1. Hey, rough spin-label estimate for B:Ala284 and C:Arg239, points 7 angstrom out along Cα→Cβ, what's it come to in nanometres?
2. Would you please give the residues with an amide H less than 5 Å from that of C:Lys215, counting only those at least 5 places away or on a separate chain, with H modeled from the backbone geometry?
3. Can you compute the helix-only [θ] at 222 nm over chain C? Use -39500 (n - 2.57) per DSSP H run of at least 4 residues, normalise by all residues, nearest 500 deg cm²/dmol.
4. Explain nothing, just the number: relative contact order of the range C:121-256, from Cα pairs under 8 Å at least 6 residues apart, as a whole percent.
5. Give C:Lys45/C:Lys133; B:Lys53/C:Lys327; B:Lys53/C:Lys125; B:Lys38/C:Lys332; A:Lys57/C:Lys125; B:Lys174/C:Lys157 a once-over and call out the pairs whose C-alpha atoms are over 28 Å from each other.
6. Show the residues, 5+ positions off or on another chain, whose built amide H is closer than 5 Å to the amide H of C:Gln57.
7. Starting from the Cα coordinates of chain B, work out the convex hull volume and express it per residue in Å³.
8. Just from its helices, what would the mean residue ellipticity at 222 nm be for chain A, if runs of 4 or more DSSP H residues each count -39500 (n - 2.57) and the sum is divided by every residue, rounded to the nearest 500 deg cm²/dmol?
Amino acid sequence: MCLGIPGEIIEVVAETPDLARVNVVGARRLVNIGLLEGETIEPGDWILIHVGFALSKIDESEAQAALEFLEGIGQAYEEELAAMRASSLN
Amino acid sequence: MTTGQMDHQTEDLHQPPQSDRERQVLDRIEKARKRKPKVREELVTLAHGAGGKASRTLIEAVFVDAFRNPTLEQLEDGASLEVGGARLALTTDSFVVSPLFFPGGNIGDLAVNGTVNDLAMCGAKPLYLSSGFVIEEGFPVANLQRIVASMAAAATTAGVQIVTGDTKVVQRGKGDGCFINTSGVGVLDRPLTLSAGSVQPGDVVIVSGPIGEHGITVLLARGDLDIDADLESDTAPLHELTAGLLDAVGDRVRCLRDATRGGVATICNEVASASGVAIHLDEAAVPVEPVVTGACELLGIDPLYVACEGRMVAVVEAAAADDALVALRRHPLGGRAALIGRVQADPPGIVLLKTAFGGTRIVDLLVGDPLPRIC
Amino acid sequence: MRFVDEFRDADKARALSTQITALAEPGRHYKFMEVCGGHTHTIYKHGLEDYLPESVQLVHGPGCPVCVIPMGRVDDAIAIAKQPDVIMTTFGDMMRVPGGNGSFFDANAAGTDIRMVYSPLDALKVARANPDKRVVFMAIGFETTAPSTAMTVLRAKAEGLENFSIFCNHVTIIPAIKAILDSPDLRLDGFIGPGHVSTVIGCRPYEFITTAYDKPLVCAGFEPLDILQSVYMLMNQLREGRRDVENQYSRVVPWDGNPKALQVIAEVMELRPYFEWRGLGFISQSALRVREEYAAFDAERIFDVPGVRVADPKACQCGEVLKGVLKPWECKVFGTACTPETPIGTCMVSSEGACAAYYNFGRFTRDRITIPLEPVTT
């Protein structure tokens with residue numbers, strides 16, 4: 001039930017602006033974007049798909065921030081590993 | 001800074017520690033799983049046809065129980081028989097796929113390739129097929145001709161002849177278009193016995209190519225899901241692929257299985273269970289096309305359980321792994337063959353998966369099928 | 001897959017794992033509840049617990065909307081399906097949930113027409129394609145799914161469809177969390193908060209947990225790194241003596257939720273005065289029903305629904321599992337009488353049920369992933 005998957009908007013269907021075609025690594029489906037009324041949705045945007053509806057537009061800057069945080073933690077970890085290895089050689 | 005908040009649930013001092021208690025429960029469960037299967041339902045449900053736990057229970061409790069004989073009880077893909085000094089393999093398969101026509105093939109292709117493959121998995125050279133049709137009143141003859149033309153072409157490619165058959169017609173509404181059964185006979189011209197029960201710790205598990213393509217193709221072709229993807233069924237005859245493998249490393253192959261209903265996960269479970277070993281799979285090593293991954297993620301299905309119709313799983317001795325991969329990759333159908341797992345002694349009968357994330361989980365048999373009427 | 005693969009990276013997991021271990025005070029045990037069934041599923045599917053130190057335990061919560069459906073409601077749905085010319089449509093998960101007299105699967109074997117759909121919009125398609133049939137959609141789910149159901153009803157109304165209705169079993173998450181917090185059996189240090197529910201309701205509704213109950217909550221995404229990061233954020237809060245609602249899933253969850261989604265729910269549905277939750281008993285203001293103005297789309301008004309309350313089998317301990325009091329393997333019938341093939345309770349049937357997740361993915365003696373260094377003390 002929680003199943004929500006990120007997909008990329010390929011096109012917004014002109015005749016039915018409530019519908020957009022979405023691509024999930026090659027699997028394509030029409031999704032209802034009516035719940036995102038008020039947001040501009042364009043090809044190239046990423047949305048969260050749940051049971052055939054778009055629930056949310058993915059905020060790419062937040063995604064980037066999240067990844068940078070994880071990179072940072074990963075970096076700190078790698079540096080510690082390297083430091084420990086270097087110190088163990090003494 | 002708050003002081004530590006200790007649990008108010010105190011451990012019962014007379015009980016063994018938690019991890020031991022959990023282990024006791026797991027042991028109890030393993031015993032329960034080994035009990036003789038009983039069919040509790042009064043009516044057959046779709047789960048019984050899915051190739052998973054419910055199917056197995058039905059087969060063992062109803063069919064094997066009634067037909068009881070040593071050959072049947074082995075429950076391999078085909079039966080190995082001795083007839084007048086010749087060693088033959090015999091197999092049968094029925095096809096109820098819906099829709100009948102899908103990208104990459106149709107029920108006719110499946111009907112020939114499926115049975116050819118079951119024979120090839122026994123290590124046999126496929127020779128002759130029978131084909132029985134149950135056709136629904138009102139089914140267009142043109143569609144029947146298309147199906148039969150596909151079967152003829154598939155038979156030629158596979159080097160087999162369809163030598164006998166049967167046709168029945170049932171009233172409109174009683175047959176969903178067309179069902180086909182094919183049975184096949186092949187000759188076991190190699191001095192080897194392949195069996196799911198012969199696998200040993202140390203062996204390796206190899207898959208011949210990317211998984212899940214047939215099942216997802218058919219599911220999408222049904223049209224109910226409105227998902228559109230550039231994907232085709234992988235239906236293909238595997239007789240040449242297996243011949244090449246057996247020529248290279250024949251005496252060191254434990255068993256071969258084609259990954260149809262229930263997918264690679266089901267085969268690994270059958271092997272682990274038949275041989276009483278554990279199979280440790282590596283998720284990152286399993287080849288899957290991105291579009292199959294995408295469709296599976298959208299639908300909440302695990303590609304490991306999705307049917308293929310032109311892929312096989314080979315369990316071989318570890319020392320033969322490299323030669324096996326070379327032999328498979330030499331053939332167009334085996335270009336992406338990959339080593340996906342290793343056999344260990346513990347825990348017996350269980351398939352474990354090291355996830356791409358690095359954690360470990362079990363891969364059990366499913367009860368039903370996420371994808372009904374795939375083949 | 002973008003926005004998915006990056007959050008499944010094993011190296012980053014090791015790094016987070018080290019940090020979490022570093023934040024764990026020696027001698028102290030931590031219990032965090034993940035509320036959503038989707039989180040339970042991810043945890044087991046990826047083997048996430050292998051990355052947590054022994055002192056940090058995850059407790060499974062009641063956020064599995066299939067798991068909390070009482071047996072009587074399953075019987076009600078089957079009763080509707082048995083009526084003439086009815087096609088019942090439902091998400092796949094519901095097909096094997098046992099009612100008092102079998103599941104939807106069993107009902108089909110006995111002659112009903114209950115079909116799996118991926119989206120409520122697919123149910124509309126079935127209705128359009130079968131004008132002589134009465135199509136009912138079994139609407140389940142928390143606030144994540146309710147807006148989609150509501151939009152579908154609005155669409156049915158706009159198209160003037162006369163043969164479509166919903167059997168509304170939507171439930172709301174806050175009363176479930178409150179029931180956990182008020183339960184005397186459980187001590188928790190914090191919550192891994194709902195992910196997709198929060199895209200609809202936002203993060204504010206959880207604030208009472210931090211103020212009235214003094215526990216932190218982090219809204220978490222569904223990839224394994226999301227959950228690990230959320231545990232890290234919870235540990236950090238505890239270390240710093242904070243009790244806040246934080247949003248780890250900010251790439252998807254807006255702090256204020258989705259106003260349009262909330263508006264359509266309110267348009268089509270209203271809160272029931274009370275509703276029975278399997279294992280949690282009757283909870284007031286915890287579920288939705290169709291408003292009077294949309295009565296033409298309400299299966300409970302159109303069809304005769306028995307509404308009989310069916311008690312759970314004596315052996316079933318789903319309630320305690322849902323409340324996090326029992327781990328799945330601690331249930332007396334787990335794995336023996338109650339298995340995925342022969343389920344007694346819902347926790348064993350739903351793909352998000354804790355028992356199903358543990359049985360299908362977790363049922364073996366695990367070795368924790370050994371991180372090769374001593375934890376770093378910051």
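Bear in mind that the values in this text are calculations on the coordinates, not laboratory data. What you see is a predicted model; the values in this text were computed from it and never measured. Because the Cβ atoms are built from the backbone with ideal geometry, glycine has one as well, and the counts that use them run over all protein chains shown.
1. Computed distance between label sites B:Ala284 and C:Arg239 equals 2.7 nm.
2. Placed amide hydrogens put C:Thr210 under 5 Å from C:Lys215.
3. Values: 14 runs with 125 residues, N = 378.
Roughly -9500 deg cm²/dmol at 222 nm, from the helical runs in chain C.
4. On the way: 189 pairs, mean separation 29.2, N = 136.
Normalised by residue count, the contact order of the range C:121-256 is 21 percent.
5. On the way: C:Lys45/C:Lys133 40 Å; B:Lys53/C:Lys327 25 Å; B:Lys53/C:Lys125 33 Å; B:Lys38/C:Lys332 21 Å; A:Lys57/C:Lys125 26 Å; B:Lys174/C:Lys157 36 Å.
Pairs exceeding the cut-off: C:Lys45/C:Lys133; B:Lys53/C:Lys125; B:Lys174/C:Lys157.
6. C:Tyr30, C:Lys31, C:Phe32
7. On the way: hull volume 74.4 nm³, N = 375.
Value for chain B: 198 Å³ per residue.
8. Values: 1 runs with 29 residues, N = 90.
Calculated from helices alone, the mean residue ellipticity at 222 nm is -11500 deg cm²/dmol.
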